[in-house]
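Undergrad: After the structure tokens below, expect a handful of questions from me.
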Amino acid sequence: MDTAPFRPLDLDAVHAFVLVATLRSFTRAAEALGTTQSAISLKLKRLEDRLGQRLLERTPRQVRLSSQGAAFLEPARRLLAAHDQALAGLEEAPHRLVIGISDHVAGRDLAGLLARLQGRDPTLVMEVRIAASRHLGGMLDQGELDAAILRLEPAADGRMPPVEAGEPLFIDPLAWFAAPGWEPPPGAPLPIATLAAPCGVRGQAARALDAAGIRWTEVFVGGGVAAVGAAVLAGLGVAALAPRAAPLGAVEVGERYSLPPLPSAPVVLRSAVSDRRSRAALATLVAAFRATGQ
């Protein structure tokens, strides 16, 4: 009869594995947990030794799940969720984390980014508000948001605004997008789909076109990036968008039509979060944004 002592799994190691598998990065997982890559590697080695299975295949360029790791991922998530639910009865009442995300930054990956929080802290309700960075900064200052992910646009003179209590996340490029097969009308001003002024991206696009001596006209003004993307796919004109926010199916056309290059801008986090549960959720979300912003 086997009399070897039962050794339960180290939940911290399981958590580290789930984060690495989700973010596909030891670096981002370490950032989310507030630790080092070497500490994450040690946790993963101990977990693999405990299971007797290789969970991750790590190369200089990427991190991939092994077949055993892929099979273990969902049970690991359920284990962590059950652990958190067991603790929920001892925690404070459910509370809300209100995060603002710039319309230009949220992009089409937002659902996947939020899904990476699945199974974490069932007592936490996350409320996400999508708006222009200028609005979100004001809402944060007035206490209407707990944290905000903002795209900092240069002023008209090219100077960057000060990053007050902002944590840099990544640099976000801009490009010109249009529908496949779209052609500019010959001899006419370039038709532009934009957000309403004083959108920072709209200002950057207008100044770039004016400096290049390209005549342009607004043919569509949207209340959000999704509306501008719809106008682009409808063939109404071109739009200046971050690639992460461009609609699926749109193509970059700047080089094809000799449109001027557009400036990149830093994306930063501003946060007033102080409690442990909110910090943990925000750290995971920020790590996911950093991973997609590379």
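No value in this document is a laboratory result; all are computed from the given coordinates. Note that the structure is a prediction, hence the values are computed from the model and not measured. As a convention, Cβ positions derive from the backbone with ideal geometry for all residues, glycine included, and neighbour counts pool all protein chains shown.
Undergrad: Roughly how tilted is helix 11-23, in degrees to the nearest 10 and between 0 and 90, from the longest Cα axis of the chain?
TA: Once rounded, the angle reads 30 degrees.
Undergrad: Also, quick follow-up: Just for the Cα atoms in region 11-88, what are the lengths along the principal axes, largest first, rounded to whole Å?
TA: That gives 39, 27, 19 Å along the principal axes, largest extent first.
Undergrad: Near the amide H of R129, under 5 Å away, which other amide H atoms are found, from residues 5 or more places off or on another chain, if H is placed in the peptide plane?
TA: The list, which skips near neighbours in sequence, is I99, G100, I101.
Undergrad: Let me ask you something else. What 222 nm value per residue comes from the helices of the chain, counting each DSSP H run with n ≥ 4 as -39,500 (n - 2.57) and dividing by all residues, nearest 500 deg cm²/dmol?
TA: For the chain, the value works out to -12000 deg cm²/dmol.
Undergrad: Then there is this: With the chain treated as a Gaussian network of Cα nodes joined by springs under 10 Å, which of P184, P266, P243 yields the largest mean-square fluctuation?
TA: Result: P184 has the largest fluctuation of those listed.
Undergrad: Sorted from fewest to most neighbouring beta carbons within 10 Å, what does the list R28, R58 look like?
TA: Taking fewest neighbouring Cβ atoms as first place, the list is R58, R28.
Undergrad: Using a Förster radius of 41 Å, what is the FRET efficiency between T36 and A226 based on their Cβ-Cβ separation? Nearest 0.05, please.
TA: FRET efficiency, T36 to A226: 0.60.
Undergrad: Which percentage, to the nearest 5, of the DSSP beta bridges contained in the chain is antiparallel?
TA: Bridges in the chain that DSSP calls antiparallel: roughly 50 percent.
Undergrad: Next question. Can you list residues from other chains, or at least 5 along the same chain, whose modelled amide H is less than 5 Å from the amide H of D172?
TA: A265, V267
Undergrad: Give the value in nm², to one decimal: projected area of the alpha carbon convex hull of region 175-263, averaged over all directions.
TA: 5.1
Undergrad: Candidates (1) 88, 42, 31; (2) 53, 46, 34; (3) 71, 56, 38; which is the computed Cα extents along the principal axes in Å?
TA: (1)
Undergrad: At 7 Å along Cα-to-Cβ for each site, give me the label-to-label distance between A272 and I171 in nm.
TA: It is 3.2 nm.
Undergrad: Taking GluC sites (Glu not before Pro) that fall in a DSSP loop and have at most 10 other Cβ atoms within 10 Å as cut points, what is the longest piece of the chain between them?
TA: 1-91
Undergrad: How far apart, in nm, are the 7 Å Cα→Cβ label points at E183 and V251?
TA: The answer from the label model is 1.3 nm.
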